[in-house]
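Novice: Here it is: the structure, laid out below.
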Amino acid sequence: MNDLLLRGGRPWTPGAPLAVADILIRDGRIAAIGSDLTADGVDTVDLAGALVLPGLVDSHCHLDKTMFGGPWVPNTGGRTLSGRIANGEGRRDELGLPSADYASNLLAAMVSGGTAHVRSHIDIDPEVGLRGVEAVRAAAARHADRVDVQLVAFPQGGLLTRPGTDKLLEAALADGVEAIGGLDPAGYDGDPAGQLDLIFGLAEKYGARIDIHLHDRGALGAWQYDLIVARTKATGLAGRVTISHAYAMGELAPDEQRRIAESLAEAGVSMVTCAVGDAPVVPIRTMHAAGAGLALGNDGIRDLWTPYGDGDMLRRIMQVAFRDRLVADEEIELALAAGTYGGASVLGIADYGLAVGANADLFAVHAETPAAAVVSVPPRELVVKRGRVVARDGRLLAD
């Protein structure tokens, strides 16, 4: 039984005022939120006015690629998409990738930083097969009571241009992988209709979610957003389709951004932005005004694509807010909402948040306001997963 009484914290819900309250947790769920709560037979933790935030959601990372916790490997991938793909595939056997140990190291860091849910894209191609799925599942099993991990079968090296990849993607879905991915249907595969036919067809067959990497810029990227919106409407997959990165969205004229955001909201298509390098970020205020779904992720972390990253989603939220020039407190809170509630929506997480009946996934930090927490990225004093304390003061607790 995961029973706990958190006394004197300040739970945050987007749009609601902060107030000191106790949180009673029973059987891993929030049983009550209020003043001067009492309960027999439960452990009590005095939060001393700490801000309580719902568990962070990393909606886009690559656990199968990471070398987190391993020796330093100089980056040799260059700056082009094709060059990085080739470098990643060419060196993974040499470096022992995919690695359950490295993925487990990264998950441990994520948990200690307050992340409760992770969506990881897993490279699938004829050379690596389903080894990435196996490695990440093994890593996730080591942290089964600390974090939930959702997988995306991802054709990183191309889909239609890589014979045999389609069969492997289907095998992954048949084996229980929760989502199917895509990669630049026009810019990389050169056949947007063909790639979308395959992806949406498999999603319908296996009841899977869809998450498409779309790096294509400018008018080409915007055109593909419209294709995905139309396909989502035609297949009735509203609420199950995501466009990741969506670089073009961040560089279009404001009127076009608004048009696309409104069409995404109408169709139930979400976006994920990661503030990768100098690539454009999806405009958070525009998405919020349209009611369009938006989530955040770390993308690559200490891998053959990038030597950067530490898995801290609160730091990533800060970086996205900074890149999108969010300065007012209410604007910064939009980024925090995207990294929590927005991610929960994209992943289809039920019973999420700081409300009675929700799963008790949360963490506590000392910060004056939610915006201050984003900007200062304070230490995580307490991390709770399904009512169990899993980390304190930035350190993972042993089982």
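The values are calculated or read from the model by the stated rules, or taken from the named source; none is laboratory data. These numbers were taken from a predicted model, which means no experiment stands behind them. Cβ: placed from backbone, ideal geometry, glycine included. Neighbour counts: every protein chain shown.
Novice: In region 12-55, which residue that is in contact with a strand residue (DSSP E or B) (Cβ under 8 Å, 6 or more places away or on another chain) and charged (D, E, K, R) is nearest to ASN359 (Cα to Cα)?
Specialist: Top of the filtered list is ARG29.
Novice: While we're on this one: Looking only at region 51-101, count every residue that is free of Cβ contacts under 8 Å to residues at least 24 places away in the same chain and among the charged types (D, E, K, R) and tell me the total.
Specialist: 3
Novice: In region 92-120, which residue that is acidic (Asp, Glu) and part of a loop (DSSP other than H, G, I, E, B) is surrounded by the most Cβ atoms within 10 Å (Cβ to Cβ)?
Specialist: Initial filter on region 92-120 (acidic (Asp, Glu)): 93-94, 101.
Keeping just the survivors that are part of a loop (DSSP other than H, G, I, E, B) gives 93-94.
Working: ASP93: 10, GLU94: 8.
The residue in question is ASP93.
Novice: Quick check on region 346-370: of everything there that is crowded, with 18+ Cβ neighbours inside 10 Å and more than 25 Å from ASP46 (Cβ to Cβ), which residue is farthest from the chain's Cα centre (by Cα)?
Specialist: Here the answer is TYR352.
Novice: When the residues of region 254-297 are narrowed to those that are of a type in the set (Val, Ile, Thr) and either out of contact with any Pro (no Cβ under 8 Å at 6 or more places or on another chain) or part of a strand (DSSP E or B) (or both), which ends up surrounded by the fewest Cβ atoms within 10 Å (Cβ to Cβ)?
Specialist: VAL276
Novice: Looking at ARG302, ARG323, ARG316, can you tell me which residue is under 13 Å from the mean Cα position of the chain (by Cα) and among the basic types (Lys, Arg)?
Specialist: ARG316
Novice: So which residues in region 333-366 are closer than 21 Å to GLY311 by Cβ and of a type outside the set (Gly, Ala, Ser), if there are any at all?
Specialist: Of region 333-366, the ones closer than 21 Å to GLY311 by Cβ are 335-344, 346-347, 349, 352, 361-365.
Matches in region 333-366: LEU336, THR340, TYR341, VAL346, LEU347, ILE349, TYR352, ASP361, LEU362, PHE363, VAL365.
Novice: Let me ask you something else. Kindly indicate whether any position in region 321-331 is in the same structural domain as ALA19 (by TED's automatic domain parsing) and assigned to a loop (DSSP other than H, G, I, E, B). Full working, then the answer.
Specialist: Residues of region 321-331 in the same structural domain as ALA19 (by TED's automatic domain parsing): none.
Within region 321-331 (the criterion being in the same structural domain as ALA19 (by TED's automatic domain parsing) and assigned to a loop (DSSP other than H, G, I, E, B)), the answer is no, since none of the residues qualifies.
Novice: Separate question: For ASP255, state whether it is free of Cβ contacts under 8 Å to residues at least 12 places away in the same chain, charged (D, E, K, R) and not assigned by TED's automatic domain parsing to the domain that holds SER376.
Specialist: yes
Novice: Within region 2-20, how many residues turn out to be touching a residue at least 12 places away in the same chain (Cβ under 8 Å), out of contact with any Lys or Arg (no Cβ under 7 Å at 6 or more places or on another chain) and at negative phi?
Specialist: Residues meeting the conditions: 10.
Novice: List the number of the failed condition for GLU89; all other conditions in (1) in contact with an Asp or Glu (Cβ under 7 Å, 6 or more places away or on another chain); (2) crowded, with 22+ Cβ neighbours inside 10 Å; (3) not in a loop (DSSP other than H, G, I, E, B) hold.
Specialist: With (1) in contact with an Asp or Glu (Cβ under 7 Å, 6 or more places away or on another chain); (2) crowded, with 22+ Cβ neighbours inside 10 Å; (3) not in a loop (DSSP other than H, G, I, E, B) applied to GLU89, the lone miss is (2).
Novice: So which residues in region 298-313 are surrounded by fewer than 24 Cβ atoms within 10 Å (Cβ to Cβ) and either hydroxyl-bearing (Ser, Thr, Tyr) or part of a helix (DSSP H, G or I) (or both)?
Specialist: Residues satisfying the conditions are THR306, TYR308.
Novice: Could you grab me the full set of residues in region 70-91 that are touching a helix residue (DSSP H, G or I) at 6+ places or on another chain (Cβ under 9 Å) and at pLDDT 95 or above?
Specialist: GLY70, VAL73
Novice: Among the numbered criteria (1) outside any loop (DSSP other than H, G, I, E, B); (2) in the same structural domain as GLY113 (by TED's automatic domain parsing); (3) not charged (D, E, K, R), which one does LEU63 miss?
Specialist: Answer for LEU63: the failing condition is (1).
Novice: In the list ALA360, ALA371, ALA350, which residue meets the criterion of being within 17 Å of LEU296 (Cα to Cα) and either not basic (Lys, Arg) or not assigned by TED's automatic domain parsing to the domain that holds GLU178 (or both)? Show your work before the answer.
Specialist: Details: ALA360 fails: within 17 Å of LEU296 (Cα to Cα); ALA350 fails: within 17 Å of LEU296 (Cα to Cα).
Sole residue among the options that is within 17 Å of LEU296 (Cα to Cα) and either not basic (Lys, Arg) or not assigned by TED's automatic domain parsing to the domain that holds GLU178 (or both): ALA371.
Novice: Being assigned by TED's automatic domain parsing to the domain that holds ILE228, in contact with a strand residue (DSSP E or B) (Cβ under 6 Å, 6 or more places away or on another chain) and at pLDDT 95 or above: is that true of PHE154 here?
Specialist: The answer is yes for PHE154.
Novice: Considering each residue of region 56-73, count those that are among the polar types (S, T, N, Q) and out of contact with any strand residue (DSSP E or B) (no Cβ under 9 Å at 6 or more places or on another chain), and give that number.
Specialist: 1
Novice: Right, next: For ASP226, state whether it is of a type in the set (D, E, K, R), in the same structural domain as PHE200 (by TED's automatic domain parsing) and in contact (Cβ under 8 Å) with a residue 60 or more places away in the chain.
Specialist: no
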